[in-house]
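Enquirer: Please find one structure pasted underneath; my questions will follow.
The values are calculated or read from the model by the stated rules, or taken from the named source; none is laboratory data. Source: prediction; values computed, not measured. Glycine also receives a Cβ, built like all others from the backbone with ideal geometry; neighbour counts cover every protein chain displayed. When the accessible area is computed, the model is the full protein with side chains, heavy atoms only, and any ligands, DNA or RNA have been set aside. Shrake-Rupley method; radii C 1.70, N 1.55, O 1.52, S 1.80 Å.
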Amino acid sequence: MTTALEGRNLSRAFGGFRALDDVDIAVESGEIRGLIGPNGAGKSTLIDVLSGRAENWSGQIRLNGEDITRLKVQDRRHRGLARSFQRTNIFPAIAIGTQLTVASRALGETGLSDVVEALTLGHLLDRRADEVSYGDQRRLDLALALVGRPQVLLLDEPAAGLTVEESLKLAEILRDLVRRWGLTVLIVEHDMEVIFSICDRITVLHLGKILAEGDPGEIRRHPSVVSAYLGSQA
Amino acid sequence: MSIGESQLGGVGVRMAQQRYSWIFGLAALALVLGIAAPHLIASLLWMSLLTQAVVDMMLATSVGILVRQNGRISFGQAAFFGLGAYTFGVIAAREIASPELALLAGLVLPTVVAFLLGLVIARIPGVAHAMLTLAVGQALYEVAFKWRALANGDDGMSVRMPDTIFGIDSDVFQSPATMLVICWSLLVLMLLALSLMARSPFGQLTEVIRENDERARFIGYGTTLPRAIIYGVSAFIAATAGILQTLYDGYISPQMLHWSASGMAMIMAIVGGPRILWGPALGAFVLFFFKDIAGDATEYWPALVGGTLIAVTLFLPEGFAGLIIRLTSRAVRRIKGERP
Ligand SMILES: Nc1ncnc2c1ncn2[C@@H]1O[C@H](COP(=O)(O)OP(=O)(O)OP(=O)(O)O)[C@@H](O)[C@H]1O
Ligand SMILES: [Mg+2]
């Protein structure tokens with residue numbers, strides 16, 4: 001197995017507060033990796049650093065062995081590193097079909113119809129993104145990350161704000177697509193049922209540091225994970 | 001191929017073609033109307049006023065395109081209007097180069113300056129952006145105002161026209177009947193070009209960037225260059241308006257660059273509705289004559305203009321153009337027998 005995405009000594013501070021404190025992470029190619037931890041643990045901060053969104057951070061990042069530490073967001077995206085957002089990040093006053101078309105002009109059309117079909121956006125292509133339901137907007141946010149069939153996908157709570165049924169359905173869709181395309185995934189998710197069922201390995205963040213890492217069984221039994229985060233959930 | 005087309009099949013393509021023939025049809029109609037105008041309007045005064053109004057419409061369009069494609073507010077657009085006028089006027093009056101070259105320089109210099117400025121300030125949003133454009137505009141105004149050797153400072157300078165420009169007799173540019181047709185035709189062609197641009201992949205990209213600069217980068221686009229190109233396009237239109245005014249008046253003065261001219265252009269764009277391509281031109285047309293009438297009625301006419309701006313912002317967020325579109329689509333629905 002080869003390492004698809006690797007971060008070393010990743011740190012990011014807000015004022016004196018270290019939201020990310022010397023974190024190392026390596027995700028193998030084809031792996032689905034869960035990233036869990038309590039609110040404020042630094043999960044989104046880690047995704048921001050890896051995807052190029054963060055400013056004022058330190059460390060090194062490699063994508064398939066290539067150093068992408070200094071690459072801009074759009075250059076990382078062209079190399080196959082894509083992400084979705086915890087807070088929906090779409091183009092409000094633009095028709096959904098136009099957004100996906102513009103994205104595919106930059107990233108290629110590979111798999112575009114698969115994405116539209118899997119995320120059931122086909123009947124919404126003519127609608128403006130700010131005129132559809134929240135659930136539709138979440139699926140659009142995800143679709144924008146999937147355009148051009150990226151290689152590594154960073155998902156920051158793709159089901160945030162969805163109902164239980166909606167999020168279970170979304171998890172199923174994602175699992176199918178990820179398997180079919182053989183994507184490498186790093187997913188942040190609060191629903192432990194989803195995490196334990198789809199992830200090959202899990203990384204636990206706590207106060208900006210890695211608390212534990214292992215397969216679902218190991219994490220479920222890990223004493224400090226149970227006391228710091230899982231509690232009675234496990 | 002876009003997914004819209006692939007999923008809608010031939011229907012989508014056909015709809016797009018119909019929309020294009022609409023645009024060309026409207027533009028042709030507008031051109032014919034413009035050519036007919038001097039024969040329909042007998043009064044020289046009216047033709048002269050209309051010529052001035054069309055120059056304002058062009059400047060307002062240049063402000064509007066910045067709002068529409070970039071989501072940016074400018075309080076310094078007169079800088080490019082004036083820079084075009086001064087570049088052309090000074091070179092032509094001092095016979096530094098041929099009038100044709102002066103005209104080209106008057107178009108190219110503002111476009112390039114705006115493009116380069118755009119590379120620097122394009123990603124700065126909101127009030128900071130508005131203040132920066134104001135500062136740039138006032139800086140140029142100060143130069144024109146104080147630098148007497150350039151064009152007599154605040155006195156302004158008359159620009160004696162050469163006999164011909166591009167083989168056209170300069171009288172053509174100074175007589176209202178012909179200048180009205182020239183200005184109007186150029187405005188129509190610009191609106192046509194802008195509406196084709198807005199529908200092109202580049203136009204779609206700039207609108208996507210306008211909506212969400214960050215996410216645009218996350219779908220693989222650099223956002224600075226497209227924004228800077230829009231600044232260049234916008235300045236090109238403003239410079240054209242400035243050169244036309246110089247040709248017509250045979251005179252340049254620092255007032256052309258003053259912030260109040262920029263502010264007025266912005267007000268015209270907002271009143272007309274900058275999200276709609278022809279909205280700013282409509283706003284300029286309405287306000288040009290509103291100013292004229294209000295100015296005859298009271299010396300406090302700026303208060304009336306301000307009042308109009310407030311009323312439109314509060315009650316017509318899409319401006320007059322939005323109102324017209326809403327009313328016509330309601331009328332069309334009624335004719336088709338649908339309930340509104
Ligand atoms: N822009 C910011 N300025 C200051 N502090 C910030 C900023 N962004 C995040 N933080 C802080 O950094 C810490 C980590 O935030 P982060 O969003 O990464 O947490 P998270 O693990 O994603 O939490 P959640 O589960 O709530 O999404 C939090 O304490 C947060 O308050
Ligand atoms: Mg988060």
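Enquirer: Name the helices (runs of 4 or more DSSP H) wholly within region A:158-234 that hold at least 2 residues that are under 19 Å from A:A145 (Cβ atoms) and away from ligand 1 (no atom under 16 Å from the Cβ)?
Expert: Ranges flagged: A:164-181.
Enquirer: Which one is nearest to the other protein chains (Cβ to nearest Cβ), of the residues in region A:151-166 that are over 14 Å from A:E31 (Cα atoms) and more than 16 Å from ligand 2 (Cβ to nearest atom)?
Expert: Filtering first and then ranking leaves A:E166.
Enquirer: Ok, one more. Taking only pairs six or more apart or across chains, which ones have beta-carbon atoms under 9 Å, a first residue in region A:43-55 that is open to solvent by 20 Å² or more (accessible area, probe 1.4 Å), and a second residue that is assigned to a helix (DSSP H, G or I) and within 13 Å of ligand 2 (Cβ to nearest atom)?
Expert: From residues that are open to solvent by 20 Å² or more (accessible area, probe 1.4 Å), the pairs are A:R53/A:I47.
Enquirer: Can you pull out the residues in region A:90-104 that are at the interface with chain B (Cβ under 9 Å from one of its Cβ atoms) and buried (at least 18 other Cβ atoms within 10 Å of the Cβ)?
Expert: Answer for region A:90-104, where residues must be at the interface with chain B (Cβ under 9 Å from one of its Cβ atoms) and buried (at least 18 other Cβ atoms within 10 Å of the Cβ): A:I90, A:F91, A:I94, A:A95, A:G97, A:T98, A:Q99, A:L100, A:T101, A:V102, A:A103, A:S104.
Enquirer: Here's something else I'd like to know. Regarding B:A269, is this residue out of contact with any strand residue (DSSP E or B) (no Cβ under 7 Å at 6 or more places or on another chain), open to solvent by less than 10 Å² (accessible area, probe 1.4 Å) and under 15 Å from B:F80 (Cβ atoms)?
Expert: On the way: out of contact with any strand residue (DSSP E or B) (no Cβ under 7 Å at 6 or more places or on another chain): yes; open to solvent by less than 10 Å² (accessible area, probe 1.4 Å): yes; under 15 Å from B:F80 (Cβ atoms): yes.
Spelling it out, B:A269 is indeed out of contact with any strand residue (DSSP E or B) (no Cβ under 7 Å at 6 or more places or on another chain), open to solvent by less than 10 Å² (accessible area, probe 1.4 Å) and under 15 Å from B:F80 (Cβ atoms).
Enquirer: Restricting to region B:200-217, count the residues that are hydrophobic (A, V, I, L, M, F, W, C) and touching a residue at least 60 places away in the same chain (Cβ under 8 Å).
Expert: Residues of region B:200-217 that are hydrophobic (A, V, I, L, M, F, W, C), as a first pass: B:202, B:205, B:208-209, B:216.
Narrowing the set further to residues that are touching a residue at least 60 places away in the same chain (Cβ under 8 Å) leaves B:209.
Count: 1.
Enquirer: Do we have any residue at all in region B:73-96 that's on the phi > 0 side of the Ramachandran plot and open to solvent by 20 Å² or more (accessible area, probe 1.4 Å)?
Expert: Yes; the residues of region B:73-96 include at least one that is on the phi > 0 side of the Ramachandran plot and open to solvent by 20 Å² or more (accessible area, probe 1.4 Å).
Enquirer: Related question: Filter region A:10-27 for residues that are touching a residue at least 12 places away in the same chain (Cβ under 8 Å) and more than 24 Å from A:H190 (Cβ to Cβ); which is least open to solvent (accessible area, probe 1.4 Å)?
Expert: If we take residues in region A:10-27 being touching a residue at least 12 places away in the same chain (Cβ under 8 Å) and more than 24 Å from A:H190 (Cβ to Cβ), then A:S11 is least open to solvent (accessible area, probe 1.4 Å).
Enquirer: Turning to a different aspect of this structure: Looking only at region A:40-74, filter to residues that are at positive phi and within 11 Å of ligand 1 (Cβ to nearest atom); which one of those is modelled with the highest pLDDT?
Expert: So the first thing to find is which residues in region A:40-74 are at positive phi, and the list is A:40, A:42, A:52, A:56, A:59, A:64-65.
Pick out the ones that are also within 11 Å of ligand 1 (Cβ to nearest atom) and you get A:40, A:42, A:56.
On the way: A:G40: 92, A:G42: 95, A:N56: 90.
The extreme case among them is A:G42.
Enquirer: Exactly one of (1) in contact (Cβ under 8 Å) with a residue 40 or more places away in the chain; (2) open to solvent by less than 10 Å² (accessible area, probe 1.4 Å) is unmet by B:A102. Its number?
Expert: For B:A102, the failing item is (1).
Enquirer: Identify, from the list A:G30, A:G7, the residue that is on the phi > 0 side of the Ramachandran plot and either within 8 Å of ligand 1 (Cβ to nearest atom) or surrounded by 15 or more Cβ atoms within 10 Å (Cβ to Cβ) (or both).
Expert: It is A:G30.
Enquirer: For residues that are away from ligand 2 (no atom under 16 Å from the Cβ) and farther than 12 Å from A:V73 by Cβ, tally how many sit in region A:45-56. Write out each step before concluding.
Expert: Filtering region A:45-56 down to residues away from ligand 2 (no atom under 16 Å from the Cβ) leaves A:52, A:55-56.
Among the residues that remain, those that are also farther than 12 Å from A:V73 by Cβ are: A:56.
Of the residues in region A:45-56, 1 are away from ligand 2 (no atom under 16 Å from the Cβ) and farther than 12 Å from A:V73 by Cβ.
Enquirer: Kindly provide the set of residues from region A:31-71 that are farther than 18 Å from A:I210 by Cβ, in contact with a helix residue (DSSP H, G or I) (Cβ under 7 Å, 6 or more places away or on another chain) and within 14 Å of chain B (Cβ to nearest Cβ), ordered by number.
Expert: Listed by number, the residues that qualify are A:S51, A:G52, A:R53.
Enquirer: If we scan region A:95-105, do we find a residue that is in a strand (DSSP E or B), away from ligand 1 (no atom under 16 Å from the Cβ) and either under 19 Å from the mean Cα position of the chain (by Cα) or more than 26 Å from B:Q69 (Cα to Cα) (or both)? Break it down into steps so the answer makes sense when it comes.
Expert: Just the residues of region A:95-105 that are in a strand (DSSP E or B), to begin with: A:95.
Among the residues that remain, those that are also away from ligand 1 (no atom under 16 Å from the Cβ) are: A:95.
Add one more test, that the residue is either under 19 Å from the mean Cα position of the chain (by Cα) or more than 26 Å from B:Q69 (Cα to Cα) (or both), and what stays is none.
Looking for residues that are in a strand (DSSP E or B), away from ligand 1 (no atom under 16 Å from the Cβ) and either under 19 Å from the mean Cα position of the chain (by Cα) or more than 26 Å from B:Q69 (Cα to Cα) (or both), one finds none in region A:95-105, hence no.
Enquirer: While we're looking at this one, here's another question. Looking only at region A:106-130, count how many residues are touching a Leu at 6+ places or on another chain (Cβ under 9 Å), more than 7 Å from every other protein chain (Cβ to nearest Cβ) and in a loop (DSSP other than H, G, I, E, B).
Expert: Total satisfying the criteria: 4.
Enquirer: Scan region B:304-331 residue by residue and report those that are open to solvent by 70 Å² or more (accessible area, probe 1.4 Å) and in a helix (DSSP H, G or I).
Expert: Residues satisfying the conditions are B:L304, B:I310, B:T313, B:L314, B:F315, B:I324, B:I325, B:R326, B:L327, B:T328, B:R330.
Enquirer: Within region A:115-136, count every residue that is charged (D, E, K, R), surrounded by 15 or more Cβ atoms within 10 Å (Cβ to Cβ) and within 25 Å of A:R180 (Cβ to Cβ).
Expert: Residues in region A:115-136 being charged (D, E, K, R), surrounded by 15 or more Cβ atoms within 10 Å (Cβ to Cβ) and within 25 Å of A:R180 (Cβ to Cβ): 1 in total.
Enquirer: Residues B:I209, B:I230: which one is hydrophobic (A, V, I, L, M, F, W, C) and within 14 Å of chain A (Cβ to nearest Cβ)?
Expert: Of the residues listed, the single one that is hydrophobic (A, V, I, L, M, F, W, C) and within 14 Å of chain A (Cβ to nearest Cβ) is B:I209.
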